[in-house]
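Report on the following structure.
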Amino acid sequence: MSEPQGSEGTTQRLPVLEKAPDQRDQSASAAAYGPPPVPEDGAGGGERRFWSARRIPAGIVALLLLLVAGIFLYDIAAVRADRPAMHWRRELARQLAERPLDDTWVLVGAGVAAALGLWLIVLAATPGLRGVLPMSRIHPDVRAGLHRDAAAMVLRDRAMEVAGVQSARVRMRRTKADVRAVSHFRELDDVRADLDVTLTEAITALGLARPPALSVHVARTTRKKG
């Protein structure tokens, strides 16, 4: 008996991308095409990534600044109390006074400071949260996002529903969903075609603002000989 393709009578199968016979590999079949179209109303088409609070980098920088400021404050208070300054501060002042600007260690220290400052600027100017995919905005006052792992789990579950699929692995990126499945019966091209249709419907149902492109790879299971 053939399995039903949908629970509702009005469900229609999407067209399947066909390839010439000489372009197919019977041991590993693959299909790649662009993302499914965005809904006609265009809702969420311009959604941007969520901004990250970046508590960990901000906390690390604040802790380092606090430690450095505390050490300098203690040393200045000690000098004001007629006690000698710390050895490292006297040595640092002497080195800065004696070393020329083109000295190797001066250039290395300046490079490290510049790289640290550039890293902080990049953290402040970029949104972050690359693991959260923005979803289409239905209500103007509500924003929603979907974690990549959750989206990958949904696609994997849908892939396992296809007849002939023994196992599936999904790698979800911001712009591409890479699906690798292993089939233990049926023709690889038939399994791939069903996966194309099923996963395209699944990606559309996720409601993402920028649906990722889909790449499907199907291989035959390898049996160990006893």
Margin query: What's the total number of residues in region 161-172 that are more than 16 Å from Thr221 (Cα to Cα) and open to solvent by 60 Å² or more (accessible area, probe 1.4 Å)?
Written below: 2
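If I filter region 189-226 down to residues being out of contact with any strand residue (DSSP E or B) (no Cβ under 7 Å at 6 or more places or on another chain), of a type outside the set (Lys, Arg) and modelled with pLDDT under 90, which single residue comes out as nearest to Val132 (Cα to Cα)? So that I can check it myself, show each step before the final result.
Initial filter on region 189-226 (out of contact with any strand residue (DSSP E or B) (no Cβ under 7 Å at 6 or more places or on another chain)): 190, 193-194, 197-198, 201-202, 204-205, 210-211, 222-226.
Of the ones still in play, those that are also of a type outside the set (Lys, Arg) are 190, 193-194, 197-198, 201-202, 204-205, 211, 222, 226.
Filter once more, so that each one left must be modelled with pLDDT under 90: 222, 226.
Numbers: Thr222: 36, Gly226: 46 Å.
Here the residue is Thr222.
Could you say whether any residue in region 140-160 is small (Gly, Ala, Ser), at pLDDT below 90 and open to solvent by less than 100 Å² (accessible area, probe 1.4 Å)? Reasoning before the result, please.
Our first condition is that a residue be small (Gly, Ala, Ser); within region 140-160, this holds for 144-145, 150-152, 159.
From the residues that got through so far, the ones that are at pLDDT below 90 too are 144-145.
Filter once more, keeping what is open to solvent by less than 100 Å² (accessible area, probe 1.4 Å): 144-145.
Checking region 140-160: at least one residue is small (Gly, Ala, Ser), at pLDDT below 90 and open to solvent by less than 100 Å² (accessible area, probe 1.4 Å).
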Next item on the list: Note down all Cβ pairs under 8 Å where the first residue falls in region 159-170 and is assigned to a loop (DSSP other than H, G, I, E, B), the second is open to solvent by 70 Å² or more (accessible area, probe 1.4 Å) and charged (D, E, K, R), and they're at least six residues apart or on different chains.
Entry: Ala163/Glu3; Ala163/Arg186; Gly164/Arg186; Gly164/Asp190
Checklist line | Number of the exception - Ala181 against (1) touching a strand residue (DSSP E or B) at 6+ places or on another chain (Cβ under 6 Å); (2) without any contact (Cβ under 8 Å) to a residue 24 or more places away in the chain | finding: (2)
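Restricting attention to region 173-185, which residues are more than 18 Å from Asp149 (Cβ to Cβ) and open to solvent by less than 80 Å² (accessible area, probe 1.4 Å)?
So the first thing to find is which residues in region 173-185 are more than 18 Å from Asp149 (Cβ to Cβ), and the list is 181-185.
Of everything in region 173-185, those that are more than 18 Å from Asp149 (Cβ to Cβ) and open to solvent by less than 80 Å² (accessible area, probe 1.4 Å) turn out to be Ala181, Val182, Ser183, His184.
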Checklist line | region 66-124, residues that are part of a loop (DSSP other than H, G, I, E, B) and surrounded by 11 or more Cβ atoms within 10 Å (Cβ to Cβ) | finding: Ala85, Met86, Arg99, Asp103
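The values are calculated or read from the model by the stated rules, or taken from the named source; none is laboratory data. Note that the coordinates shown come from a computational prediction; the quantities given were computed from them, not determined experimentally. As a convention, Cβ positions derive from the backbone with ideal geometry for all residues, glycine included, and neighbour counts pool all protein chains shown. When the accessible area is computed, the model is the full protein with side chains, heavy atoms only, and any ligands, DNA or RNA have been set aside. Shrake-Rupley method; radii C 1.70, N 1.55, O 1.52, S 1.80 Å.
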